[in-house]
Amino acid sequence: MKKHLRLLAAQLFAMALVITVFSSPAHADTTSDAQLAAEWQTAWDTYKFYDCTPPLPGSGRSRATSSISITINAPAAKVFPAYSNINNHVGMHSFLKRVVTHKDWFQYGKRHINFTAVEEIPYEGAIVTSNTHAQQRINADDLYYETDTWSLPGVVTHQKIVFTKLAGGKTKVTEYLTFDADTSLIDFVVANGVASHEVTQAGLKQAIESGSI
């Protein structure tokens, strides 16, 4: 029964993604940076994806949390700037193709970055382009950063990534992940979201340790 529900949720998510992306006026990767910036602002203004308030009871939406960690054989002084640079995430996961930065500024000791991550997702022989709109807040002094994202169909994530110095010049990276989505999709969103972050973590670990970034 649980397997059947997970399969149904996956099908619903895929259908919702395809319908919403292809019904959008700007769905292809030919979307200009200016158009992506306008999409970002609409998402920010309309959906308030930076708001950490849990979904209200009866709203049809649910929240779930998870955390994943990885140890990187490099000092935090090297790991933090490389890992927190979202442009270094391109290529670490097969879906993420490019990142478009809309605004980059400092406020209250933190660096703020508004950006859109453009993903190309294979679906039934076609490529669906999905835009994830995000704000990142980097606290270099305390070795952590936060990222809030919104993407179709109404999926919100709140992320806090903490860097801990370990003996021997190593660094532990822990990602605290919170997902908000329609209740029928939440299990699928969490499973796939966590899996995507794990792949990216492994890719960044290899790249940092090898010195390629």
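Just Gly169, Gly193, Gly58 to compare: in a GNM of the chain, with alpha carbon springs under 10 Å, which one fluctuates most?
Maximum fluctuation in the GNM of the chain, among the listed residues, is at Gly58.
Per the helix-only calculation at 222 nm, which mean residue ellipticity applies to the chain, given -39500 (n - 2.57) for every DSSP H run of n ≥ 4 and division by its residues, nearest 500 deg cm²/dmol?
-11500 deg cm²/dmol
Which residue, Gly203, Ile72, His93, has the largest displacement toward the positive end of the dipole of the chain when charges sit on each Cβ (Lys, Arg +1; Asp, Glu -1)?
So the residue furthest toward the plus end is Ile72.
Take the alpha carbon atoms of the range 119-182, find their center, do the same for the range 53-106, and report the distance between the two centers in whole angstrom.
The range 119-182 and the range 53-106 have Cα centres spaced 2 Å from each other.
Starting at the first residue of the range 200-206, write each ³J(HN,Hα) from the Karplus equation 6.51 cos²θ - 1.76 cosθ + 1.60 with θ = phi - 60°, in whole Hz, x for Gly and Pro.
Calculated HN-Hα couplings, in order: 5, 4, 5, x, 5, 4, 4 Hz.
Can you tell which of Gly125, Thr157, Gly168 lies farthest toward the positive end of the dipole of the range 119-213, using +1 and -1 charges on the Cβ of basic and acidic side chains (Lys, Arg; Asp, Glu)?
Farthest towards the positive pole: Gly168.
Among the lysines in the chain, how many pairs, 8 or more places apart or on different chains, have alpha carbons under 21 Å apart?
19
If packing is taken as the average count of other Cβ atoms within 10 Å, what order do 148-157, 202-211 fall into, highest mean first?
Details: 148-157: 20.9, 202-211: 15.2.
Packing order, densest peptide first, comes out as 148-157, 202-211.
Bear in mind these aren't lab numbers, they're just calculated from the coordinates by the rules spelled out. For clarity, every value in this text was computed on a predicted model and none was experimentally measured. No Cβ is skipped: glycine too gets one built from the backbone with ideal geometry, and neighbour counts run over all protein chains shown.
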